[in-house]
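K.L.:
Quick one: structure below, then a few questions.
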Amino acid sequence: MRRFLIDTDTASDDAVAILMALRTPDVQVEAITIVAGNVGVEQGARNALHTVELCGREVPVYKGLAKPLLRPHVDARFFHGMDGMGDLNLPAPRQQPQAQHAVPAIIDTIRSAPGEITLVTLGPLSNIAAALVQAPDIAQQVKEAYVMGGAANVVGNITPAAEYNIWCDPEAAKIVFHSGMPIMMVGWELALGPALLSEADMQRLRALRTPYADFALDTNRRALQSCRQWLGLAGMTLCDPVAMAVALDRRICTHAEKKYVDVETTSELTRGETVVDRFGVLRQEPNIEVCLAIDAARFKALLLDRMR
């Protein structure tokens with residue numbers, strides 16, 4: 001069994017990504033830790049627990065940092081709905097979050113199984129940065145880390161230069177990116193183009209007539225509207241499911257390169273930009289494996305399979 005630790009700001013696309021992991025037979029989700037991002041930590045924990053219960057599972061959920069390291073929290077409810085789940089007003093989950101804070105839970109989970117934990121981050125990196133500051137040794141104890149965040153080609157979705165997760169807490173991202181942790185960055189732009197969920201793709205999902213497919217579509221109804229109105233797209237981006245798909249099946253990433261990547265923290269114009277040194281002009285040691293292309297058909301096939 002592969003052992004996953006998922007750190008998330010659970011909104012609609014995060015929930016689909018969590019569902020994908022929970023419905024992968026050879027993956028054991030050890031814990032889900034919640035960070036402030038799309039929604040606050042209370043709502044994020046509620047959304048994660050609802051997703052876990054939909055799958056008939058029991059996974060410990062831990063609430064983490066309620067704001068970025070140095071900045072006020074700016075949520076993305078304008079994109080995902082006030083509850084982060086398309087304003088479905090889902091019933092309260094039966095399970096409760098754990099009493100322990102997410103940051104020590106992250107440290108304990110990684111230290112308890114050195115070299116075995118795959119870390120998948122779907123939100124701002126505040127929890128992970130705080131854990132690394134307290135326990136720098138965990139950077140070398142993680143088997144691998146997949147970060148849904150940034151943009152390798154500087155196409156942003158919250159500003160022209162930045163993707164939301166990195167923009168929300170750029171200082172945290174900078175700490176994580178320079179920690180020495182074995183990271184693959186899966187930028188949001190990989191969910192565009194052929195990976196964009198088209199009307200035909202959504203019809204195929206709905207035709208499955210399963211609780212999981214319906215959940216994936218219904219919770220993302222506000223996100224679909226936002227993709228069309230906010231970003232002018234013809235379909236829906238599923239950034240977190242793309243990142244989770246790469247974590248579940250590395251063959252989905254068809255082109256990756258190890259590059260030096262830094263994060264802009266001082267400029268308001270380019271705050272949160274992931275600066276990828278594609279040609280090595282800075283002469284810095286590469287620190288991040290950057291996924292530059294994916295097999296969109298393989299991603300969609302995996303998504304459909306997990307929704308059955």
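K.L.:
Per residue of the range 220-230, what does 6.51 cos²θ - 1.76 cosθ + 1.60 with θ = phi - 60° give for ³J(HN,Hα)? Whole Hz please, x for Gly and Pro, Karplus curve as stated.
P.N.:
Rounded to whole hertz, the list is 9, 5, 6, 5, 4, 4, 5, 4, 6, 8, 7.
K.L.:
Okay, next question. Two decimals, Cα atoms only, Kirkwood Rh: what is Rg/Rh over the range 1-126?
P.N.:
A ratio of 0.95.
K.L.:
Let me ask you something else. Report for the chain the percent antiparallel among DSSP-assigned beta bridges with both residues inside it, nearest 5.
P.N.:
Working: 12 of 38 bridges.
Antiparallel: roughly 30 percent of the beta bridges in the chain.
K.L.:
List the extent of the Cα atoms of the chain along each of their three principal axes, largest first, rounded to whole Å.
P.N.:
Largest first, the chain extends 52, 42, 37 Å along its Cα principal axes.
K.L.:
Can you sort VAL290, VAL281, VAL39 by how many other beta carbons sit within 10 Å, fewest first?
P.N.:
Working: VAL290 23, VAL281 8, VAL39 27.
Placing the least packed residue first, the sequence is VAL281, VAL290, VAL39.
K.L.:
Continuing with the same structure: List, in order, the whole-Hz ³J(HN,Hα) value for each residue of the range 246-259 obtained from phi through the Karplus relation with A = 6.51, B = -1.76, C = 1.60 and θ = phi - 60°; use x for Gly and Pro.
P.N.:
Listing the rounded values in order: 5, 5, 6, 9, 4, 5, 5, 7, 8, 8, 9, 9, 7, 9 Hz.
K.L.:
Follow-up question, since we're still on this one. Short version: ³J(HN,Hα) in whole Hz for each residue of the range 172-177, in order, from phi by Karplus 6.51 cos²θ - 1.76 cosθ + 1.60 (θ = phi - 60°), x for Gly and Pro, what are they?
P.N.:
5, 4, 4, 4, 5, 5
K.L.:
Stokes-Einstein at 37 °C, 0.692 mPa s, Kirkwood radius from Cα pairs: D for the range 221-308 in µm² s⁻¹?
P.N.:
Details: Rh = 15.4 Å.
Result for D is 213 µm²/s.
K.L.:
Divide by every residue of the chain the summed helix terms, -39500 (n - 2.57) for each DSSP H run of at least 4, and state the resulting mean residue ellipticity at 222 nm, rounded to the nearest 500 deg cm²/dmol. Intermediate results must be reported in sequence, preceding the final value.
P.N.:
Values: 13 runs with 114 residues, N = 308.
Value at 222 nm, helices only: -10500 deg cm²/dmol.
K.L.:
Out of residues 5 or more away from TYR146 or on other chains, whose amide H comes under 5 Å of its own, with H placed 1.01 Å from N in the peptide plane?
P.N.:
LEU119, VAL120, THR121, MET184
K.L.:
Can you sort TYR164, TYR212, TYR146 so the residue with the fewest Cβ neighbours within 10 Å comes first? Spell out each step's value before the answer.
P.N.:
Numbers: TYR164 23, TYR212 20, TYR146 26.
So the residues, fewest neighbours to most, are TYR212, TYR164, TYR146.
K.L.:
Within the chain, how many Lys pairs sit with Cα atoms under 24 Å apart, leaving out pairs fewer than 8 places apart on the same chain?
P.N.:
On the way: LYS63/LYS143; LYS63/LYS174; LYS67/LYS174; LYS143/LYS174; LYS143/LYS258; LYS143/LYS259; LYS174/LYS258; LYS174/LYS259.
Lysine pairs satisfying the spacing and distance rule in the chain number 8.
K.L.:
Students often check this: by mean Cβ neighbours within 10 Å, which of 263-269, 28-34, 253-259 ranks highest, and how do the rest follow? It would help to have the intermediate numbers written out before the result.
P.N.:
Details: 263-269: 13.9, 28-34: 24.0, 253-259: 15.7.
By packing density, highest mean first, the sequence is 28-34, 253-259, 263-269.
K.L.:
Follow-up question, since we're still on this one. What percent of all Cα-Cα pairs in the range 40-105 falls into each 10 Å bin, going from 0 up to the bin containing the maximum distance?
P.N.:
20, 46, 31, 3
K.L.:
Find the relative contact order for the range 2-306 and round it to a whole percent, using C-alpha pairs within less than 8 Å whose residues are 6+ positions apart.
P.N.:
Numbers: 700 pairs, mean separation 59.8, N = 305.
That works out to 20 percent.
K.L.:
Using the Kirkwood radius over Cα pairs, work out the Stokes-Einstein diffusion coefficient for the range 130-285 at 10 °C and 1.306 mPa s, in µm²/s as a whole number. Don't skip to the answer; put the middle values down first.
P.N.:
Values: Rh = 17.0 Å.
The diffusion coefficient I find is 93 µm²/s.
K.L.:
Which is farthest toward the positive dipole end of the range 152-308 among LEU224, LEU302, MET181, measuring Cα position about the Cα centre, with Cβ charges +1 (Lys, Arg) and -1 (Asp, Glu)?
P.N.:
Of the listed residues, the answer is LEU302.
K.L.:
Further question: Given Cβ point charges of +1 (Lys, Arg) and -1 (Asp, Glu) and nothing else, what value in debye, to the nearest 20, does the dipole of the range 104-187 about its Cα centre take? Working shown, then result.
P.N.:
On the way: 3 positive and 7 negative charges, 13 e Å.
Dipole size: approximately 60 debye.
Here, each number is a calculation from the coordinates, and none is a lab measurement. This is a predicted model, so every value here is computed, not measured. FYI the Cβ positions are ideal-geometry reconstructions off the backbone, even for glycines, and counts take in every protein chain you see.
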